[in-house]
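The next block holds one structure in the form of structure tokens; read it before the comments.
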Amino acid sequence: MKHLRILAHQQLTSLASYRLLNAAVFCVVAFCIVAFGGVAFGTEPPSPIDFKKQVLPLLKERCSKCHSEDVRIVGLTLTTAEGIKKGSQNGPVVIPQKAIDSPLYKRLKQEQMPPGGEGKVFDAQELELIRKWIEEGAKTE
């Protein structure tokens, strides 16, 4: 009988150790996921949008007919960083970190710009690029 008690005690101790080890491993993995956002697992954070290489060429290609240094409908130039920062006669066109509130993003997303037949509308990938750039702070450097 004593032998059975010792065996039962060893099994319970072993089970408790196993559960404790599992809980510890779970906590470490959860901490890594939260603290490092997946970096510990080989994923890299997305690189920031490069205004000069990704955003500006797109705006120059699609918007220069109506919003360039030569033609400034509503006083807006979208072909230079300075023009974008200045905005239009109606106010700012980009509100850093608030794409959904930025007039430029809203008009592009609603396909109001470029106006009917004036040029190719922005596709989903291009809109996402503009949105990310604005959400990242609309940096032009």
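Annotation: amide H-H contacts under 5 Å for S88 (H modelled 1.01 Å from N, sequence separation of 5 or more, or interchain): V93.
For K98, the aspartates and glutamates whose Cα falls under 14 Å of its own Cα, not counting residues fewer than eight places away in the same chain, are E128, E135, E136.
Treating the Cα atoms of the stretch 51-135 as identical point scatterers in vacuum, please give the log10 of the normalised Debye intensity I(q)/I(0) at q = 0.13, 0.15, 0.26 Å⁻¹, two decimals. Each listed q corresponds, in turn, to -0.34, -0.47, -1.66.
Taking other residues whose beta carbon is less than 12 angstrom from the beta carbon of K98, and scoring Lys, Arg as +1 and Asp, Glu as -1, yields -1. Extension gain, D123 to D50: 0.36 nm times the residue separation minus the Cα-Cα distance gives 24.4 nm. Using the Karplus relation 6.51 cos²θ - 1.76 cosθ + 1.60 with θ = phi - 60°, the per-residue 3J(HN,Hα) values for the stretch 77-88 come to 10, 10, 9, 9, 4, 5, x, 5, 5, 5, x, 10 Hz, with x marking Gly and Pro. With a simple spin-label model that places each label point 7 Å from the Cα along the Cα-to-Cβ direction, the separation between A81 and Q112 comes to 2.8 nm.
Every number here is computed from the coordinates shown, using simple stated rules; none is lab data. Model, not experiment: these values are computed from the prediction. Virtual Cβ from ideal backbone geometry, glycine too; neighbours counted across all protein chains shown.
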